[in-house]
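The values are calculated or read from the model by the stated rules, or taken from the named source; none is laboratory data. Model, not experiment: these values are computed from the prediction. For neighbour counting, all protein chains shown are included, and Cβ atoms are generated from backbone atoms with ideal geometry for every residue, glycine included.
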Amino acid sequence: MSKQVAQLDAEGYFIRMTEADKNPLKPGDHILPGGAVDASKPNTPVGHVARWDGDGWQFEPMAPIPDEKLAADARKERDAMLVATDYTQLSDAPVNAQAWADYRQALRDLPEQSGFPGDITWPTPPE
């Protein structure tokens, strides 16, 4: 029977639970995958990450996400929303073209919002 163990990254941070196989040469023993420790899944508080210190779990606050990354992620999501609504601007699209044009302009204007990129008010698409 396999056993659940904690998989860590190179710095000791918890990644996921994985399985350790039975040791065929030593009944009752298990072979841990590389980078794993024989520990239960950590009960990580919100906004923290779990790190194994050799004796137990330590919880560290998550590093804040840099504004550059937040902005890039928001623009990527916005761009996908624009692509998904390109069809609404075709002359024969069975939609309210002006309402969709206004929505698409609101998407383009996202980076101009005062809270961007940390606090974004996403526009609601027309029905």
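Taken over the range 1-40, residues that are exposed (fewer than 10 other Cβ atoms within 10 Å of the Cβ) and assigned to a strand (DSSP E or B) amount to 1. Listed by first and then second residue, the pairs with beta-carbon distance under 6 Å, at least 6 apart or on different chains, first residue in the range 102-122 and touching a residue at least 12 places away in the same chain (Cβ under 8 Å), second surrounded by 13 or more Cβ atoms within 10 Å (Cβ to Cβ) and of a type in the set (Lys, Arg), are Leu107/Arg78; Leu110/Arg78. The set of residues from the range 21-51 being among the basic types (Lys, Arg) and either touching a helix residue (DSSP H, G or I) at 6+ places or on another chain (Cβ under 9 Å) or closer than 15 Å to Ala6 by Cβ (or both) comprises Lys41, Arg51. Going through the range 17-40 one residue at a time, which ones are without any contact (Cβ under 8 Å) to a residue 12 or more places away in the chain and at positive phi? Hit for the range 17-40 is Gly28, nothing else. Take Ala106 and tell me if it is surrounded by 14 or more Cβ atoms within 10 Å (Cβ to Cβ) and modelled with pLDDT of 95 or more. The answer is yes for Ala106.
Here is a yes/no grid of residues against (1) in a loop (DSSP other than H, G, I, E, B); (2) touching a residue at least 24 places away in the same chain (Cβ under 8 Å); (3) of a type in the set (A, V, I, L, M, F, W, C):
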| site | (1), (2), (3) |
| --- | --- |
| Pro42 | yes, yes, no |
| Val46 | yes, no, yes |
| Gly54 | yes, no, no |
| Glu60 | no, no, no |
| Arg75 | no, yes, no |
| Ala80 | no, no, yes |
| Tyr87 | no, no, no |
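Among the residues of the range 62-73, those that are surrounded by 10 or more Cβ atoms within 10 Å (Cβ to Cβ) and either of a type in the set (Val, Ile, Thr) or part of a helix (DSSP H, G or I) (or both) comprise Ile65, Asp67, Lys69, Leu70, Ala71, Ala72, Asp73.
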